[in-house]
Amino acid sequence: MLRVIGVLMVAVGCMGIDPIVAAEVSPNARPASSAFSLAEKWQGVQRRIADDESRFADCRAEAWMCSDAERRLEAIVDLGRAREGRARIGEINRAVNLAIRPVSDERQFGVADHWSGPLETIASGKGDCEDYAILKLFALQQSGFARSDLRLIIVSERAAQSAHAVAAVRLHGRWLLLDNRFLALVDIEQAPYRVVALLEPDMDGRRYAAIDAVAAPALPGVM
């Protein structure tokens with residue numbers, strides 16, 4: 001069973017660059033100033049996602065307005081829309097995993113941690129774990145899944161002191177993880193991780209905020 005631990009600030013080291021900066025902390029703890037704020041990271045990428053939503057909507061309405069990246073994203077969304085339920089999720093997970101090459105932020109951007117918007121990732125064809133996850137969440141939402149059934153989850157690997165990001169989608173009351181390391185979907189209860197932080201939609205559905213895992217309701221199967 002996965003265990004939720006309260007982490008307010010963390011550096012996501014998908015490529016083995018950055019270790020977890022914060023371990024178990026209380027909700028009132030002050031994280032180290034060198035750590036990254038998940039809320040700030042998530043809210044920042046949501047501005048890019050909002051821009052991408054507008055651009056993608058224009059592309060869907062008028063084909064002549066589509067960039068190459070938008071056409072590639074449209075193809076992934078359409079693959080998903082052609083299927084239902086778990087098959088739709090699996091199609092999008094597989095398509096994104098095959099479309100993106102794993103590259104560290106240090107190598108691609110010259111910084112330790114950069115969260116790309118969906119179109120930026122699909123245009124470059126490169127990214128690290130949170131880039132895969134953000135792109136998958138965008139494609140899932142565009143293919144018909146409700147925002148309330150989508151999460152970005154930061155996890156800790158049991159065997160290593162590093163963080164990893166995965167997309168999660170709720171289907172029939174169960175949470176499935178879309179991991180860039182696997183083509184198959186993974187039930188959250190069977191994953192070799194423990195949850196560090198959950199990132200979910202706010203009330204208006206336009207912006208997202210980091211949820212302190214100590215205060216947040218646990219996902220089914222997470223303790």
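For the condition surrounded by fewer than 19 Cβ atoms within 10 Å (Cβ to Cβ) and either at pLDDT 90 or above or not acidic (Asp, Glu) (or both), what is the one hit in 191, 215?
On the way: 191 fails: surrounded by fewer than 19 Cβ atoms within 10 Å (Cβ to Cβ).
From the options 191, 215, the qualifying one is 215.
Based on what the data block shows, is residue 155 modelled with pLDDT of 95 or more, β-branched (Val, Ile, Thr) and crowded, with 19+ Cβ neighbours inside 10 Å? Full working, then the answer.
On the way: modelled with pLDDT of 95 or more: no; β-branched (Val, Ile, Thr): yes; crowded, with 19+ Cβ neighbours inside 10 Å: yes.
It is false that residue 155 is modelled with pLDDT of 95 or more, β-branched (Val, Ile, Thr) and crowded, with 19+ Cβ neighbours inside 10 Å.
Scanning segment 115-124 for residues that are without any contact (Cβ under 8 Å) to a residue 40 or more places away in the chain and crowded, with 19+ Cβ neighbours inside 10 Å yields a single hit, 121.
Could you check segment 138-179 and list, in sequence order, the residues that are among the aliphatic types (A, V, I, L, M) and part of a helix (DSSP H, G or I)?
If the condition is that a residue be among the aliphatic types (A, V, I, L, M) and part of a helix (DSSP H, G or I), then 139, 140 are the ones that fit.
The values are calculated or read from the model by the stated rules, or taken from the named source; none is laboratory data. Quantities reported herein were computed from a predicted structural model and do not represent experimental measurements. Ideal geometry is used to build each Cβ from the backbone, glycine not excepted, and the neighbour counts take in all protein chains shown.
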